[in-house]
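The values are calculated or read from the model by the stated rules, or taken from the named source; none is laboratory data. Quantities reported herein were computed from a predicted structural model and do not represent experimental measurements. Please note: Cβ atoms are built from the backbone with ideal geometry, for glycine as well, and neighbour counts cover all protein chains shown. Each accessible area value is taken on the protein alone, full model and side chains, heavy atoms only, with ligands, DNA and RNA left out. Shrake-Rupley method; radii C 1.70, N 1.55, O 1.52, S 1.80 Å.
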Amino acid sequence: MSELETLQTDLIARVAAADSADAVESIRVEALGKQGRITSLLKSLGGMTPEQRLVEGPAIHGLREAVTAAIGERKAALERAALDAKLAAETLDMTLPADRVPAGSVHPVSQVMDELAEIFADLGFAVASGPEIEDDWHNFTALNIPETHPARAMHDTFYCEEPSTAGGGQSPPSDGAGSASAAGRAARMLLRTHTSPVQIRTMLKDKPPIRIIAPGRVYRSDSDATHTPMFHQIEGLVIDRGITLGHLKWTLETFLKAFFERDDIVLRLRSSYFPFTEPSVEVDVGYSIVNGKRVIGGSEGWMEVLGSGMVHRKVIEACGLDPSEWQGFAFGTGVDRLAMLKYGMDDLRAFFDGDLRWLRHYGFGALDVPTLSGGVGVAA
């Protein structure tokens, strides 16, 4: 047996007998480290004649490969053995309670936002967003709300102290109907009073057909048991060819049935007035009296839940679209109000008090993710 064969047999035998990863590593360093025995042999190839390298080279490289393979196999075997021993020694009693109950909960507003997004995504709507600090063109003028409209009064709208010439990221179209004078004036900045500016920005940016919902915070100077200066709103917009009130009613009926998880939802549409829709309709939902409480469903009484209508042709024109070709509908409602109706809260101010007792009672677990298949409103 040659010297190389003897060395290979010795090293492989020592590797096979190693009983720990440290022992295997020690042999690897001895054989293959910078000063290792095999490394020294490889370095010696440089001083050999070509004829000697033809003979010794393959043998030395074969030695290195054999020892390297043996070390890798032994390391893997030791790791498997260690894992098996650990699994055999460790046990987990699944009947024991968790050491800590997860703290915190999802706010009802956040939960309802997720429920609404889930429902409308199933109906083909995308979620759109926009700035909460708006200019008056997007918030009022483009929505057919003139300067003399009461909503522009200081007691209804929060205006910023310092006017800005910026248009909030989107300048009014210079050729839009009624917008030329607005483009030439410094924009007056305010806290948006509704999420309708998102509809305007979407129509200016995207080509029809359009199907979006616009959830978010809005601000109005109002405060009582059912109103707060800041609240949450969701609006929907559809722009396409041949859209009618029938499409609007079907959409709202499907949405409300999914949200309240009842098939006996009955809607009543009443004529109304909004500057940005024509015709405009208020939407009432039927309710029943159960154990002295109003429950959504049935038709013993009626409760207003949202406003809607066909998008006014002036709004469509302001966004650079031809109202003779494109029609659509829009609707809007308060997310906080929907949460109150569904989950039995009676004071809107409690939503923003930060009372932990209220949050523990009405909050949702982090894993209560709303799905149409599992129920969009699984309470914590």
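Out of everything in region 318-359 that is assigned to a loop (DSSP other than H, G, I, E, B) and touching a Leu at 6+ places or on another chain (Cβ under 8 Å), what residue ends up being least open to solvent (accessible area, probe 1.4 Å)?
Going through the qualifying residues, I end up with CYS319.
Note down all Cβ pairs under 8 Å where the first residue falls in region 228-244 and is at positive phi, the second is surrounded by 17 or more Cβ atoms within 10 Å (Cβ to Cβ), and they're at least six residues apart or on different chains.
GLY242/GLN327
Taking helices (runs of 4 or more DSSP H) that do not extend beyond region 123-236, which have at least 2 residues that are under 22 Å from MET113 (Cα atoms) and modelled with pLDDT of 95 or more?
The helices (runs of 4 or more DSSP H) meeting that bar are 196-205.
If I ask for residues that are open to solvent by less than 10 Å² (accessible area, probe 1.4 Å) and modelled with pLDDT of 95 or more, which ones from region 292-317 would you list?
SER308, GLY309, VAL315, ILE316, listed by residue number.
Go through (1) within 59 Å of the chain's Cα centre (by Cα); (2) in a helix (DSSP H, G or I) one by one and return the number of the condition MET94 breaks.
(2)
Could you tell me which residue of region 361-380 is farthest from GLY334 (Cα to Cα), considering only residues that are at pLDDT 85 or above and open to solvent by 40 Å² or more (accessible area, probe 1.4 Å)?
That would be HIS361.
Here is a list of conditions, (1) part of a strand (DSSP E or B); (2) in contact (Cβ under 8 Å) with a residue 24 or more places away in the chain; (3) farther than 24 Å from PHE140 by Cα, and GLY307 meets all of them except one; can you say which number that is?
With respect to (1) part of a strand (DSSP E or B); (2) in contact (Cβ under 8 Å) with a residue 24 or more places away in the chain; (3) farther than 24 Å from PHE140 by Cα, GLY307 is out only on (3).
All but one of (1) open to solvent by less than 10 Å² (accessible area, probe 1.4 Å); (2) in a loop (DSSP other than H, G, I, E, B) hold for SER280; which doesn't?
Failing condition for SER280: (2).
Which of (1) assigned to a strand (DSSP E or B); (2) more than 15 Å from GLY332 (Cβ to Cβ); (3) at pLDDT 95 or above does HIS247 not meet, given it meets every other one?
So HIS247 meets the others, but not (1).
Checking the condition in a helix (DSSP H, G or I), open to solvent by less than 80 Å² (accessible area, probe 1.4 Å), at pLDDT 85 or above and under 30 Å from ALA339 (Cα atoms), which residue from VAL24, VAL112, VAL67 passes?
So the residue among VAL24, VAL112, VAL67 that is in a helix (DSSP H, G or I), open to solvent by less than 80 Å² (accessible area, probe 1.4 Å), at pLDDT 85 or above and under 30 Å from ALA339 (Cα atoms) is VAL112.
Against the definition (small (Gly, Ala, Ser) and either within 28 Å of ALA23 (Cα to Cα) or in contact with a Ser or Thr (Cβ under 8 Å, 6 or more places away or on another chain) (or both)), how does GLY72 come out, yes or no?
Yes, satisfied.
Considering only residues of region 37-60 that are among the hydroxyl-bearing types (Ser, Thr, Tyr) and part of a helix (DSSP H, G or I), which is least open to solvent (accessible area, probe 1.4 Å)?
Among those that are among the hydroxyl-bearing types (Ser, Thr, Tyr) and part of a helix (DSSP H, G or I), it is THR39.
Per-residue answers, yes or no, for (1) within 29 Å of ALA85 (Cα to Cα); (2) in contact with a Phe, Trp or Tyr (Cβ under 9 Å, 6 or more places away or on another chain); (3) touching a residue at least 60 places away in the same chain (Cβ under 8 Å); (4) basic (Lys, Arg):
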{"site": "ASP22", "(1), (2), (3), (4)": "yes, no, no, no"}
{"site": "ARG28", "(1), (2), (3), (4)": "yes, no, no, yes"}
{"site": "GLY46", "(1), (2), (3), (4)": "no, no, no, no"}
{"site": "THR68", "(1), (2), (3), (4)": "yes, no, no, no"}
